[in-house]
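Undergrad: Got a structure for you, written out below as structure tokens; questions coming shortly.
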Amino acid sequence: MTSHLVSQLSAKQQDIIIVDTCFSDAISSAKDIKYHDQPHRELQKIEESARSNIRHLYAPIYTKNHYIALEIDFHIKCFRWGDSLNSNQQALESLIKKLQWWFSGRFGQEFDNRRPTLPHGNQKDQALCALFTINTIEHNIFGHTLGVANPACERVRWFCLTSETQLLESEVSVPVSNEQAQTQEVEQGPYRIQKITRETLVKEKAQQDKIKLAKRLERKRLEHERLEHERLEHEIHDVDMGVTSPWLSSLLRSFVSF
């Protein structure tokens, strides 16, 4: 998901960096503040960027069966987060403590903790925190509407986006014979690979995968519509059993038939 968000950053948003959960894993691995006496591979690139052109960092943070969205402002040295459950987790307090170790050890001071003031939506169950976390990041960077109104559709949307990103990033290498190899060729292990053939195969495979994906999504859409129709039928049945106004039942049935 974060890979797709990174790909959507415009030229005017070069002061923003979006990282995945490897960031919070690296922060959490510290046992004490002395851990940051030396730079660490997972954090060093972020530190270098923060000292040059990066102002904001956004990251999904995993804390004991829950995800939140984190924002760090390296210019004014503050951080805040958005928690779709508005929870008060001890695990989160531990992460904040370790974040302050990183700030003190690598940036010379603790950052201002502005707590859960990052604009975010509110989930009504215990299973959608990952979608709400990504939605929070999308809203604060790209201005997307807060909240996840239709979780099923949102999952399908992200399935399509991540699949497309992976297809674009994938590469195909196939062996070709000496007769096939011409002037444009590269060496890769024991094979001689014709560059133009490789690029053509990548495009063909991507097109085939997109067709398969479109068919799969259409099946999911039809199944979603069927389940939604059944849900409305149950609601109408409940209304018929408990409401004396026949016009309300008729109105609801007209929506289903529509």
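The values are calculated or read from the model by the stated rules, or taken from the named source; none is laboratory data. Bear in mind that the values here come from a model prediction, so they are computed numbers and not experimental data. All Cβ positions, even for glycine, are placed from backbone atoms using ideal geometry, and neighbour counts span all protein chains on display. When the accessible area is computed, the model is the full protein with side chains, heavy atoms only, and any ligands, DNA or RNA have been set aside. Shrake-Rupley method; radii C 1.70, N 1.55, O 1.52, S 1.80 Å.
Undergrad: Hey, among 231, 198, which residue is touching a Ser or Thr at 6+ places or on another chain (Cβ under 9 Å) and modelled with pLDDT under 75?
TA: On the way: 231 fails: touching a Ser or Thr at 6+ places or on another chain (Cβ under 9 Å).
From the options 231, 198, the qualifying one is 198.
Undergrad: Please specify each residue of segment 19-33 satisfying the condition of being free of Cβ contacts under 8 Å to residues at least 60 places away in the same chain and farther than 13 Å from residue 62 by Cβ. Write out each step before concluding.
TA: Within segment 19-33, the first condition is being free of Cβ contacts under 8 Å to residues at least 60 places away in the same chain, and the residues that meet it are 19-23, 25-26, 29, 31.
Once the filter is applied, which keeps residues that are free of Cβ contacts under 8 Å to residues at least 60 places away in the same chain and farther than 13 Å from residue 62 by Cβ, segment 19-33 yields 29, 31.
Undergrad: Okay, moving on. Go through 171, 154, 164 for me and flag whichever is surrounded by 16 or more Cβ atoms within 10 Å (Cβ to Cβ) and either of a type in the set (Ser, Thr, Tyr) or at pLDDT below 85 (or both). Spell out the reasoning first.
TA: Working: 171 fails: surrounded by 16 or more Cβ atoms within 10 Å (Cβ to Cβ); 154 fails: either of a type in the set (Ser, Thr, Tyr) or at pLDDT below 85 (or both).
Selected residue: 164, the only one of 171, 154, 164 that is surrounded by 16 or more Cβ atoms within 10 Å (Cβ to Cβ) and either of a type in the set (Ser, Thr, Tyr) or at pLDDT below 85 (or both).
Undergrad: Can you tell me which residue among 37, 73 is open to solvent by 40 Å² or more (accessible area, probe 1.4 Å) and among the acidic types (Asp, Glu)?
TA: On the way: 73 fails: open to solvent by 40 Å² or more (accessible area, probe 1.4 Å).
After ruling out the rest, the residue left standing is 37.
Undergrad: Hey, can you tell me all the residues within segment 92-125 that are farther than 25 Å from residue 43 by Cα, without any contact (Cβ under 8 Å) to a residue 24 or more places away in the chain and open to solvent by 70 Å² or more (accessible area, probe 1.4 Å)?
TA: 124
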